[in-house]
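**Q** My questions all concern the structure below.
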Amino acid sequence: MFERYERLAERALAGEAPSEQDALWVLGGDDVALLPLLHAAFAPREKHWGRAVQVHVLNNVQNGLCPEDCGYCSQSRDSSAAIRKYPMKSEDEILAEAEAAARAGASRYCMVMSGRGPTVATAHKLAGLVRTVKERHRIEVCLSVGLLEEEHARILAEAGLDRLNHNLNTSASHYGEICSTHDYDDRVATLRAAKKCGIEPCSGLIVGMGETAEDVVEVAFRLRELEVPSIPVNFLIPIGGNPVQSDGSLTPERCLRALALMRLVNPAAEVRIAGGREGHLRALGPLALYPANSLFVEGYLTTRGDDEAETYRMIRDAGFEVAGNPDWDGNVPGRGDFRLRGGEGEILKPDIRAEQRGPGATRAD
Ligand code: SF4
């Protein structure tokens, strides 16, 4: 009965990928049993990462104002989503937010910038920020700043950038359905430029944009081929005003199977539960820690998410450990077990759960 799951685990523990047939079964098979599948994916997760959970904080240092037309993105030129648009934040603001992330225990601080890609001058500015954050905090620094060429990547590598995020987002054959202003090969070229300059590539996907199981499996194998050590798995957040809306496929089980697939095809990678975690996994969220070993706290680019207190409690209640940065004292700043909604600064971002539950709905703590 469990032979197929045991075979998946053994292959992953040996660093081998499943067959394409098995990969398609993991994602789409009618007779897949979820808990044995998560157990199989947990084997390589535990081998490479134990029970540790890496905690990432995203900082959207520039929001909106993007000339690209990625259909899933509320910052794109074609989106009418009600987001707050702003040019690059001040250096002081970005460094203060890095300080807050480090104090909250984050092991990685990811600065994200909307736009097609940075100029050389902006690459130098970002390099200065990377250097300063790394001088002040024992925290890993990542950037997600659009398309890059080798010249930009070299500037950032010399500053000590740890990782560059640039998601493939979907398969090559499906890419034209979500974006027309740049193509899939542009994204692969950015990852190759980063890698060539010694920067770790970080690249993942968005599930729930009308892709097929074959598309998701293709991304999993392409990330393996590109030897990408960090894989964020996003579940499409349906934001009003975006051209690409939910395809209705995202049940908690489908999300968990997509995470298990990424783990089984990329056994040693840091598999991250990314955007849409809270709204799509809901009560099954803790189960995602079996295939995945990292997540974001304090929200996403333009949507809210659970804060440290809620997330750390979920991690610990599920029997996992928060792998904070070396300087973190294990305390979670400012929040007890219960908190009041509507704190300062929260009204700026749409609340995915309210959106999913419809206008006027609020979330009871
Ligand atoms: S994903 Fe990036 S490049 Fe695409 S529209 Fe959004 S900000 Fe622009």
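**Q** Kindly establish whether Leu126 is open to solvent by less than 10 Å² (accessible area, probe 1.4 Å), part of a helix (DSSP H, G or I) and within 16 Å of the ligand (Cβ to nearest atom).
**A** Working: open to solvent by less than 10 Å² (accessible area, probe 1.4 Å): yes; part of a helix (DSSP H, G or I): yes; within 16 Å of the ligand (Cβ to nearest atom): yes.
For Leu126, the condition - open to solvent by less than 10 Å² (accessible area, probe 1.4 Å), part of a helix (DSSP H, G or I) and within 16 Å of the ligand (Cβ to nearest atom) - is met.
**Q** Oh, and also: Residues that are closer than 24 Å to Arg45 by Cβ, of a type in the set (Ser, Thr, Tyr) and in contact (Cβ under 8 Å) with a residue 60 or more places away in the chain: which strands (runs of 3 or more DSSP E) entirely in the stretch 146-261 hold 1 or more of them?
**A** In the stretch 146-261, the matching strands (runs of 3 or more DSSP E) lie at 230-235.
**Q** For the stretch 281-302, how many residues are open to solvent by 10 Å² or more (accessible area, probe 1.4 Å) and touching a residue at least 40 places away in the same chain (Cβ under 8 Å)?
**A** 7
**Q** In addition: Just one of Ala268, Ala309 is more than 16 Å from the ligand (Cβ to nearest atom), open to solvent by 10 Å² or more (accessible area, probe 1.4 Å), farther than 23 Å from Pro238 by Cα and not in a helix (DSSP H, G or I); which is it? Can you show your working first?
**A** On the way: Ala309 fails: not in a helix (DSSP H, G or I).
Checking each option against the conditions leaves just Ala268.
**Q** Name the residue, out of Glu99, Glu93, that is modelled with pLDDT under 95 and either more than 13 Å from the ligand (Cβ to nearest atom) or more than 18 Å from Leu236 (Cβ to Cβ) (or both). Write out each step before concluding.
**A** Values: Glu93 fails: modelled with pLDDT under 95.
Testing whether each residue is modelled with pLDDT under 95 and either more than 13 Å from the ligand (Cβ to nearest atom) or more than 18 Å from Leu236 (Cβ to Cβ) (or both) leaves just Glu99.
To keep it simple, each residue is scored yes or no on (1) away from the ligand (no atom under 16 Å from the Cβ); (2) of a type in the set (A, V, I, L, M, F, W, C).
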site: Ile139; (1), (2): yes, yes
site: Glu149; (1), (2): no, no
site: Ala153; (1), (2): yes, yes
site: Asp162; (1), (2): yes, no
site: Asn165; (1), (2): no, no
site: Arg192; (1), (2): yes, no
site: Ala213; (1), (2): yes, yes
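**Q** What is the number of the single condition among (1) more than 16 Å from the ligand (Cβ to nearest atom); (2) free of Cβ contacts under 8 Å to residues at least 24 places away in the same chain; (3) open to solvent by 30 Å² or more (accessible area, probe 1.4 Å) that Lys85 does not meet?
**A** (1)
**Q** Only one of these conditions is not met by Val61: (1) within 11 Å of the ligand (Cβ to nearest atom); (2) open to solvent by less than 20 Å² (accessible area, probe 1.4 Å). Which number is it?
**A** With (1) within 11 Å of the ligand (Cβ to nearest atom); (2) open to solvent by less than 20 Å² (accessible area, probe 1.4 Å) applied to Val61, the lone miss is (1).
**Q** Against the condition within 13 Å of the ligand (Cβ to nearest atom) and either surrounded by fewer than 20 Cβ atoms within 10 Å (Cβ to Cβ) or of a type in the set (Gly, Ala, Ser) (or both), how does Arg116 come out, does it pass?
**A** Working: within 13 Å of the ligand (Cβ to nearest atom): yes; either surrounded by fewer than 20 Cβ atoms within 10 Å (Cβ to Cβ) or of a type in the set (Gly, Ala, Ser) (or both): yes.
Here the answer is yes, as Arg116 does meet what is asked.
The values are calculated or read from the model by the stated rules, or taken from the named source; none is laboratory data. All values derive from a computational prediction rather than experimental measurement. With ideal geometry, Cβ positions are generated from the backbone for all residues, glycine too; neighbour counts draw on all protein chains shown. Areas reflect the complete protein model, heavy atoms only, side chains present, ligands, DNA and RNA absent. Shrake-Rupley method; radii C 1.70, N 1.55, O 1.52, S 1.80 Å.
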